[in-house]
Amino acid sequence: MAEPLLTFTDRGIYCPDGDFHIDPWRPVDRALITHGHADHARDGMGRYLATEGAAPVMRHRLGDIRLDTVRYGETRTVGGVEVSFHPAGHVPGSAQIRVARRGEVWVVSGDYKVEADGLSTPFEPVRCHAFVTECTFGLPVFAWRPQADVAAEIDAWWRGNAAAGRASILGAYALGKAQRLLAAVDCGIGPILTHGAVENTNAVLRAQGLMLPDTVRVTPETDTKAHPGALVVAPPSALGTPWARRFAGPGGAPSTGFASGWMALRGVRRRRGADRGFVLSDHADWAGLNAAIAETGAERIFVTHGYTAIFRRWLAELGYDAAVVETAYEGESLDADADESDQGGQNAPSPREDLEKGL
């Protein structure tokens, strides 16, 4: 009997025939990486393979690593299998990894979203027999509004604050979410300032050719009062800190907002201490997860992080051969560090009022 095409180990998702791991969380010799977020692209691997679009951020974060790159759709033979990388729509350069052997196809999706954001290469479903999927937002309560609607909501908040002489500080993860917001808001409202973690990532992505509006890096020397009515984009961990309080102006303390899928849950905005919560995520919502899975045509589904037990049960009720896989992937966090962009706990929040809505 042939060895399974992919297996699930304490180091990561492993392909025995190719002798490589996908997004491993412990050191291995050869690692295929779906994208540059810290829970998927970790230090200490002997060799890395990623898309051309993910490579600059990985080098920025991990330093002088042994990294080879591929284009979307390009097929490589690794050991006894064929591998190719396909757009995941999560952040610029993110990919799903297709692994094929003698007609059998598995796809590891990493993190993904199905709504085009204007910066990332849009998600493309890949036909397969087995699909490894996240389910960060695997509950019906998570239903995203179109990006343009959320951007208009942020613009209105920013415009109102600017008219009152207040700065607007918007918490957003430094890789992906921050650039998505910068490209979507109305830059005519006022100046845009950025935390160093965001601006460092902006510089990497601008060098790749991504079109972002002009921004001003905040440094210790920055005169925050010289930019009245500014929008300040910073990692979520900067909210409520002395760094943020520097932006008090003639209209009083800055207004704070947080852009995250978790803002769909009652009480989360209050726990984050933000004035406003904007529901925007770089992960698929409930409908997006179900649509993406259906489009693969896969019969076997493995769920890796998020509301895994609930989502697996839902998939089984639909007739899929579904299983939960324990991993170190972390999904979208409420407590990202300033120098990282997508970290947090493996276990998603599970407020009773949302679980009781059922499936």
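The values are calculated or read from the model by the stated rules, or taken from the named source; none is laboratory data. Everything numeric in this text was worked out from a predicted model, so none of it was measured. Cβ coordinates were reconstructed from backbone atoms using ideal geometry, including for glycine residues, and neighbour counts include every protein chain displayed.
For (1) out of contact with any Ser or Thr (no Cβ under 9 Å at 6 or more places or on another chain); (2) of a type in the set (A, V, I, L, M, F, W, C); (3) modelled with pLDDT of 95 or more; (4) part of a loop (DSSP other than H, G, I, E, B), each residue gets a yes or a no:
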site: LEU5; (1), (2), (3), (4): yes, yes, yes, yes
site: ARG11; (1), (2), (3), (4): yes, no, yes, yes
site: TRP25; (1), (2), (3), (4): no, yes, yes, yes
site: GLY36; (1), (2), (3), (4): no, no, yes, yes
site: MET45; (1), (2), (3), (4): yes, yes, yes, yes
site: ARG59; (1), (2), (3), (4): yes, no, yes, no
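Given the criteria surrounded by fewer than 22 Cβ atoms within 10 Å (Cβ to Cβ), modelled with pLDDT under 95 and among the hydrophobic types (A, V, I, L, M, F, W, C), does LEU239 qualify? Write out each step before concluding.
Values: surrounded by fewer than 22 Cβ atoms within 10 Å (Cβ to Cβ): yes; modelled with pLDDT under 95: yes; among the hydrophobic types (A, V, I, L, M, F, W, C): yes.
Judged against the criteria, LEU239 is a match.
Restricting to region 309-327, and then to whatever is β-branched (Val, Ile, Thr) and touching a residue at least 60 places away in the same chain (Cβ under 8 Å), can you tell me which residue is surrounded by the most Cβ atoms within 10 Å (Cβ to Cβ)? Steps first, please.
From region 309-327, those β-branched (Val, Ile, Thr) are 310, 324-325, 327; that's our starting set.
Restricting the remaining residues to those that are touching a residue at least 60 places away in the same chain (Cβ under 8 Å) gives 310, 325, 327.
Numbers: ILE310: 18, VAL325: 15, THR327: 22.
Selected residue: THR327.
Go through (1) without any contact (Cβ under 8 Å) to a residue 60 or more places away in the chain; (2) over 18 Å from GLN208 (Cβ atoms); (3) not acidic (Asp, Glu) and name the single condition VAL78 misses.
(1)
Scan region 66-111 for residues that are acidic (Asp, Glu), part of a strand (DSSP E or B) and within 21 Å of ILE293 (Cβ to Cβ) and jot them down. It would help to see each step written out before you state the result.
Restricting attention to region 66-111, the residues satisfying the condition of being acidic (Asp, Glu) are 68, 74, 82, 104, 111.
Subset that is part of a strand (DSSP E or B): 68, 82, 104.
Selection gives GLU104 alone.
Looking only at region 31-40, which residues are within 16 Å of the chain's Cα centre (by Cα) and surrounded by 24 or more Cβ atoms within 10 Å (Cβ to Cβ)?
First pass over region 31-40, keeping only residues within 16 Å of the chain's Cα centre (by Cα): 33-40.
Matches in region 31-40: ILE33, THR34, HIS35, GLY36, HIS37, HIS40.
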